[in-house]
1. Tabulate in residue order the Karplus-calculated ³J(HN,Hα) for the range 169-181, using 6.51 cos²θ - 1.76 cosθ + 1.60 with θ = phi - 60°, rounded to whole Hz; enter x for Gly and Pro.
2. Ordering Leu73, Leu148 from largest to smallest accessible area (1.4 angstrom probe), what's the sequence?
3. Quick check: net charge around Glu26, other residues with Cβ under 15 Å of its Cβ, Lys/Arg +1 and Asp/Glu -1?
4. For an R0 of 35 angstrom, estimate the FRET efficiency from the Cβ-Cβ distance between Ser116 and Gln138 and round to the nearest 0.05.
5. Give me Rg/Rg_expected for the range 106-150, where Rg uses Cα atoms only and Rg_expected = 2.2 N^0.38 Å with N residues.
6. List, in order, the whole-Hz ³J(HN,Hα) value for each residue of the range 22-32 obtained from phi through the Karplus relation with A = 6.51, B = -1.76, C = 1.60 and θ = phi - 60°; use x for Gly and Pro.
7. Given labels modelled 7 Å from the Cα in the Cβ direction, how far is it in nm from Ala24 to His126?
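The values are calculated or read from the model by the stated rules, or taken from the named source; none is laboratory data. If you're wondering where the values come from, they're calculated on a predicted model, not measured in any experiment. With ideal geometry, Cβ positions are generated from the backbone for all residues, glycine too; neighbour counts draw on all protein chains shown. For accessibility, only protein heavy atoms count, side chains too; no ligands or nucleic acids. Shrake-Rupley method; radii C 1.70, N 1.55, O 1.52, S 1.80 Å.
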Amino acid sequence: MGCEPRLSEVFLAGLPKMLKVHIANEPSGQWIENSIRFSVGEGNESNAGSGLVFAKLSEVLFVETLRRYINSLPPDQIRLARRRTRPHHWPGSRSSAQEPANHWTVSNLARRIGLSRTRFADRFRHFLGESPIAYLAQWRLKLGAELLQSTDNSVAEVAGAVGYGSEASFNRAFKRQFDCAPAQFRRKRKASLVQQSLESRSHG
């Protein structure tokens, strides 16, 4: 499995570099073992649709691994792990994620959830590892990158949708984050998806 690291860095930052889970002597352990064996077998076959089955099964196994990892933590760490792996569920981050084009400040985000500005900023940094405004800036760019991939909207339309006042300011911020301009990022990602599709068909 793979992902664009910069689109997933907030999520990935909440995980260790390696996860180890135990599947012996548990009701679903046999299912996991059989699924892994099936995946290995499918990967060596050329059956129609095997690439799609393999991809979906990999996603399920990944989610199950995360569930087991989080549930194996001491109780005082479980809530923190859930907040780090689901950052948009945390108060304040949820508001900015759902309404990225709003003119958000630390003060109006704090008022939205009924905390003082200082307490909100301190708690936000404690749970998510960065300031609310830094998080919002990163989220806007990630959302912009996703819109560039999933829609045919112009760069100017994407910039406005994620809260940038001008296409130029979005271009500058995007290039700092992704090392290329938005239009170039879109071309690269489309070319990559086409290549992945061709590879999947050749293996399926």
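1. Per residue, the Karplus-derived 3J(HN,Hα) values read 5, 5, 4, 5, 5, 5, 5, 5, 7, 10, 6, 7, 6 Hz.
2. Details: Leu73 30, Leu148 0 Å².
Listed by decreasing accessible area, they come as Leu73, Leu148.
3. That sum, taken over residues with Cβ under 15 Å, equals +1.
4. Computed FRET efficiency for Ser116 and Gln138: 0.90.
5. That works out to 1.34 for the range 106-150.
6. 9, 10, 6, 6, 10, x, 8, x, 5, 4, 5
7. 4.0 nm
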